[in-house]
1. Give the stretch A:186-225 a look and list any residue that's under 21 Å from the mean Cα position of the chain (by Cα), at the interface with chain B (Cβ under 10 Å from one of its Cβ atoms) and among the small types (G, A, S), or say none.
2. For the stretch A:133-225, list the helices (runs of 4 or more DSSP H) that sit wholly inside it and hold at least 1 residues that are at pLDDT below 90; which are they?
3. For the stretch A:101-141, which residues satisfy the criterion of being in contact with a helix residue (DSSP H, G or I) (Cβ under 6 Å, 6 or more places away or on another chain), among the small types (G, A, S) and more than 18 Å from A:S165 (Cβ to Cβ)?
4. How many residues does the stretch B:55-71 hold that are facing chain A (nearest Cβ under 9 Å) and surrounded by 11 or more Cβ atoms within 10 Å (Cβ to Cβ)?
5. Which one is modelled with the lowest pLDDT among residues in the stretch B:19-54 that are within 7 Å of another protein chain (Cβ to nearest Cβ) and assigned to a helix (DSSP H, G or I)?
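The values are calculated or read from the model by the stated rules, or taken from the named source; none is laboratory data. None of these values were measured; they are calculated from a predicted model. Note that we place each Cβ from the backbone using ideal geometry, even for glycine, and neighbour counts take in every protein chain shown.
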Amino acid sequence: MKSNWWKILSIILLVYSIIGGLLFAVPRLNIVNETIRALYFHVPMWFGMVVLFLASTIYAIKYLRNPNFQNDTYSVEFANVGLVFGLLGIFTGMIWANYTWGSPWHGDPKQNGAAIALLVYLAYFILRGSVNNEEQRARLSAVYNIFAFVAMVPLIFIIPRMTSSMHPGSGGNPGFNMYDLDSKMRMVFYPAVIGWILLGVWIASLRIRMRIAEEKIIESENENA
Amino acid sequence: MKTHNKYLLLGLFLLINSALAAQDAEMADTLRSEGKIFVVVAIILVIFLGLIALLIYTDRKVSRLEKRLPK
């Protein structure tokens, strides 16, 4: 039995973040009002996505150094779950923007950057789907994976900070610096981030194990045939 | 020492100022005082834990299948 303590930790942290996120005191601010609590759920999606994409890229590099089925599987499944987190991040962001910025899609640099980054990763799956040879598919997509991660960093972290953006933590808008200073919010926010990252890794690990099991079954079937 | 105090005062002023300015922000105080917020928390927790239970069940199933795999 593999060690499961981090799965339990994930559940505890997330239950705590749901209770604390809805019940604990938050700064009383105009415009955002109670929606400030969305920070506990919307932002961890992006943290989770970045960590999962980073893991995906690490396994892509590992594959290029040591081409085997396992490294490729790890790389794909981390990217898969990372994409889900990214989509959840963008949809929750749209709901939040609708009530605080006035419309779901504001053409804000942070929003556009995030959307382009997700499209870059969608292209990764299209690339995988369009190559039939397994080794070629794994190698090409590993190279593209590195490119996708390198493209995502400026799109999400650098460009929005260089232009004016309404998104907190971006150019000319200290926004959440004020909230970040609130130590009460940190007490819920950081556990939520860790909890969601662990949950993402958990889901990815299940998909990886299923794929590896499937591959073993196919192998044994081929041997018997 | 003197400049130190100045910055401290400025910091305190900014803190109090922002706190005062935000005092009138509309929050869901009624929902909280009536205790109905707990209903929302309970519902979200039930859904979340239900999905987690499904995840744990799937995890166990995968573990069982792995044991039966050809070596």
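1. Hit for the stretch A:186-225 is A:S205, nothing else.
2. Ranges flagged: A:159-162, A:176-180, A:183-224.
3. A:A138, A:S141
4. Adding up the residues that qualify gives 9.
5. At the first step, the residues of the stretch B:19-54 found to be within 7 Å of another protein chain (Cβ to nearest Cβ) are B:22-23, B:25-28, B:37, B:40-41, B:44-45, B:48, B:52.
Filter once more, keeping what is assigned to a helix (DSSP H, G or I): B:22, B:37, B:40-41, B:44-45, B:48, B:52.
Values: B:A22: 50, B:I37: 89, B:V40: 91, B:V41: 94, B:I44: 95, B:L45: 96, B:F48: 96, B:I52: 97.
In this case the residue turns out to be B:A22.
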